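Everything on this sheet refers to the single structure shown next.
What follows draws every value from the coordinates through simple rules; no lab data is involved. Predicted model, so just to flag it, every value in this text is computed and none were measured. Quick reminder, even Gly has a Cβ in these numbers, built from the backbone with ideal geometry, and neighbours come from all protein chains shown.
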């Protein structure tokens, strides 16, 4: 079971936090890719098909977890873009008072 954890960080550190989460996802994906290659080789050598089946199922679950992680990163970055867009509009409105 997975849970979402809310973390409070200063707005300036949001890009770095997203980058950190993406780096972790990238490392997990590289490890997963290596494990998939190993299963592929094991299948060619006809090693324990039931074990390979379990490993493939595990890979699918890990990919689902990584997809959720990427969705979290997307949502946070989308929120940051919207925040910055609104902040820029407010600054322009202050700089250009109505006539």
Seminar exercise, completed: Extension length gain for residue 62 and residue 81 (0.36 nm per residue less Cα distance), in nm, is 4.0 nm
For this session: Could you tell me how many degrees, from 0 to 90 and to the nearest 10, lie between the Cα long axis of helix 14-44 and the main elongation axis, the longest principal axis, of the Cα atoms of the chain?
Result: 20 degrees
Exercise. Given only helices, namely DSSP H runs of n ≥ 4 each adding -39500 (n - 2.57), what is the per-residue ellipticity at 222 nm of the chain, to the nearest 500 deg cm²/dmol?
Worked result: -29000 deg cm²/dmol
Exercise. If you line up the long axis of helix 49-95 against the longest principal axis of the chain, both from Cα atoms, how many degrees apart are they, to the nearest 10?
Worked result: 10 degrees
Exercise. Percent relative contact order of the range 14-92, based on C-alpha pairs within less than 8 angstrom and at least six residues apart?
Worked result: 46 percent
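With a 10 Å radius around each residue's Cβ, average the other Cβ atoms per peptide and rank 24-36, 77-89, highest first. Don't jump to the answer; show the numbers that get you there.
Numbers: 24-36: 12.8, 77-89: 11.0.
Top to bottom by mean Cβ count within 10 Å: 24-36, 77-89.
What full-extension length gain, to one decimal in nm, is calculated for residue 92 and residue 23 as 0.36 nm per residue of separation minus the Cα-Cα distance?
Taking residue 92 through residue 23 to full extension adds about 21.3 nm, to one decimal.
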Exercise. Roughly what would the spin-label model give for residue 16 and residue 54, points 7 Å off Cα along C-beta, in nm?
Worked result: 4.3 nm
